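Q: I have a structure here, written as structure tokens, and I will follow up with some questions on it.
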């Protein structure tokens, strides 16, 4: 795409594949700044305010980028020079970069390695999920909600709850392997069928993303539990109220929904490219924690 074409375009160029993380050819922030024609101070400011450009962090904490990041930064600079507001130009660029993984759990582990991983039974996950659903949706202003249930029959037990949650949500989407054709409701969340090879078929997730409330629970079922009673099935789980991590989880879910053919998910991807909410407050964390304790005590 030429510069003249790009100055008038509303959509940024698609991000090219960059190979496996950790391979040669990665750039430091200084390399990126020199090649894109911007200072490292500006790049750090963009990252702090808008989460862009997205870096791969080494164990040492140093940032690493790719050739595709150079093009995205150049795109933002060209759009800004053409009169586009910086936050809009960055949102365009971010929306053109789909998450690296079609798995919420894998993406959170990759992008937020500091998140603690816990081995939990399904009964505990139910309690955590209810706490997030009830607390976030009690206080959130028109949240975007995603739920991953593995099997359509597992969702049916929660269908009434999610129908109510969808009433207060700006958008609500649920995932499962397949749905009973006769059970599609005219109300409630949008339903997405997961392909046979979709990683999210093994996952449990609840994501609540709103300007004033964020929370996410993501879990991956440990293999080899064919004879285990349902409520005792074990999962590796992470949960967080960090707005950046929750936004990453929401973008993965929206990308999976878009790939599955849900038309509404494409516009959601662009909305979720905006900077995430401000950090959640201590009272909000306390309220969620209190609800978690109450539900776990009741159900486990």
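Q: Scan the range 262-293 for residues that are farther than 24 Å from residue 52 by Cα and touching a residue at least 12 places away in the same chain (Cβ under 8 Å) and report the count. Explain how you work it out, then say what you get.
A: From the range 262-293, those farther than 24 Å from residue 52 by Cα are 262-264, 282-293; that's our starting set.
Next, only the ones that are touching a residue at least 12 places away in the same chain (Cβ under 8 Å) stay: 262, 264, 284-285, 287-288, 291-292.
Adding up the residues that qualify gives 8.
Q: Looking for whichever is surrounded by fewer than 17 Cβ atoms within 10 Å (Cβ to Cβ), in contact with a helix residue (DSSP H, G or I) (Cβ under 8 Å, 6 or more places away or on another chain), assigned to a strand (DSSP E or B) and in the same structural domain as residue 113 (by TED's automatic domain parsing) here; the options are 178, 236. Which one fits? Even if it seems obvious, please write down each step before you answer.
A: On the way: 178 fails: assigned to a strand (DSSP E or B).
The match here is 236.
Conditions tested, residue by residue: (1) over 17 Å from the mean Cα position of the chain (by Cα); (2) surrounded by 21 or more Cβ atoms within 10 Å (Cβ to Cβ); (3) under 24 Å from residue 294 (Cβ atoms).
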{"position": "138", "(1), (2), (3)": "yes, no, yes"}
{"position": "213", "(1), (2), (3)": "no, yes, yes"}
{"position": "219", "(1), (2), (3)": "no, yes, yes"}
{"position": "227", "(1), (2), (3)": "yes, no, no"}
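Q: Within the range 111-147, which residues are closer than 17 Å to residue 174 by Cα and assigned to a loop (DSSP other than H, G, I, E, B)?
A: Residues satisfying the conditions are 142, 143.
Q: Give the range 262-278 a look and list any residue that's assigned to a loop (DSSP other than H, G, I, E, B) and touching a strand residue (DSSP E or B) at 6+ places or on another chain (Cβ under 9 Å), or say none. Can you show your working first?
A: Initial filter on the range 262-278 (assigned to a loop (DSSP other than H, G, I, E, B)): 262, 272-278.
Hits for the range 262-278 are 262, 272, 276, 277.
Q: Does the range 142-152 include one or more residues that are on the phi > 0 side of the Ramachandran plot and either modelled with pLDDT under 90 or out of contact with any strand residue (DSSP E or B) (no Cβ under 9 Å at 6 or more places or on another chain) (or both)? Before the answer, list the steps.
A: Restricting attention to the range 142-152, the residues satisfying the condition of being on the phi > 0 side of the Ramachandran plot are 142, 150.
When the remaining residues are screened for being either modelled with pLDDT under 90 or out of contact with any strand residue (DSSP E or B) (no Cβ under 9 Å at 6 or more places or on another chain) (or both), the result is 142.
Looking through the range 142-152, at least one residue is on the phi > 0 side of the Ramachandran plot and either modelled with pLDDT under 90 or out of contact with any strand residue (DSSP E or B) (no Cβ under 9 Å at 6 or more places or on another chain) (or both).
Q: Going by what's in this entry, would residue 297 be described as within 14 Å of residue 206 (Cα to Cα) and touching a helix residue (DSSP H, G or I) at 6+ places or on another chain (Cβ under 9 Å)?
A: No: the conditions fail for residue 297.
Q: Can you pull out the helices (runs of 4 or more DSSP H) entirely within the range 1-110 that have at least 2 residues that are within 24 Å of the chain's Cα centre (by Cα) and modelled with pLDDT of 90 or more? Outline the logic, then answer.
A: Details: elements: 3-7, 29-36, 40-50, 67-81, 86-95.
Qualifying helices (runs of 4 or more DSSP H): 40-50, 67-81.
Q: Scan the range 244-256 and tell me whether some residue there is under 21 Å from residue 110 (Cβ atoms) and in a strand (DSSP E or B).
A: Taking the range 244-256 and keeping what is under 21 Å from residue 110 (Cβ atoms), we get 244-256.
This time we only want the ones that are in a strand (DSSP E or B), so: none.
No.
The values are calculated or read from the model by the stated rules, or taken from the named source; none is laboratory data. None of the values given here were measured: they were computed from a predicted structure. A quick note on method: Cβ atoms are made from the backbone with ideal geometry, for glycine too, and the neighbour counts reach across all protein chains shown.
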